[in-house]
Amino acid sequence: MNNPLKRDFQILRFLFVMLLVGQFVFLLAALFFIHDEQPIPWTDFLQKPMLSMAPGSVFLAIVLAQVVQFFQNKKKRRLNSLPAKMHHYRDTVILKAAFFEMSSLYCIALSAVLQNLTPLVFFAISTMLFLWLWPTVGRLKAGYGLE
């Protein structure tokens with residue numbers, strides 16, 4: 001990869017690190033406000049609307065990321081230059097990561113509001129999905145047919 005594209009890739013990775021650090025700073029701040037550590041029974045997630053929003057936010061983030069991927073795949077076919085492909089990859093990854101970031105932060109806030117640690121299970125799931133999107137040169141090459 002040439003120098004300007006390498007710099008773009010470093011900026012994208014730095015953005016990911018900062019988003020991840022922000023999630024954990026928000027988590028640590030919320031943990032100071034959570035006093036009750038009694039787990040919520042899993043059956044309550046089906047019966048109480050506010051509790052079902054935690055898994056719902058993760059599911060919504062997955063669906064929205066797939067919708068973004070679908071529309072971005074249509075645009076990807078028209079790209080010819082390497083910088084255009086890199087910028088398209090960057091935009092796609094950032095959009096998809098934003099949905100998982102939103103889901104993670106929502107689960108943390110829900111945990112703080114409910115004064116319970118159980119919604120943090122969904123924070124962990126959303127954060128793992130966020131990390132799965134970590135930008136790599138291999139994914140860029142495979143996704144755009146680069147050598």
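Since every read-out is calculated from the coordinates, none of them should be taken as a lab result. As the structure is a computational prediction, the values presented were derived from the model and not from experiment. Note that each Cβ is placed from the backbone with ideal geometry, even for glycine, and that neighbours are counted across all protein chains shown.
Taking the number of Cβ atoms within 10 Å of each Cβ as an exposure proxy, the fewest-first ranking of ARG139, ARG78 is ARG78, ARG139. Measuring max minus min along each principal axis, the C-alpha atoms of segment 53-147 give extents of 51, 21, 15 Å (largest first).
Cross-link reach is defined here as a Cα-Cα straight distance under 23 Å, omitting same-chain residues fewer than 8 places apart; for LYS141 the lysines meeting it are LYS6, LYS74, LYS75, LYS76, LYS85, LYS96. Per-residue Cβ neighbour counts within 10 Å put LEU131, LEU140 in the sequence LEU131, LEU140, beginning with the fewest. Between the exposed loop cleavage positions of the chain, defined as chymotrypsin sites (Phe, Trp or Tyr not before Pro) in a non-H, G, I, E, B DSSP state with at most 10 neighbouring beta-carbon atoms within 10 angstrom, the longest gap is 34-147.
Would you mind ranking VAL21, VAL58, VAL67 by Cβ crowding within 10 Å, fewest neighbours first? Provide the component values of the computation, followed by the final result.
Values: VAL21 10, VAL58 23, VAL67 13.
If I rank by nearby Cβ atoms, fewest first, I get VAL21, VAL67, VAL58.
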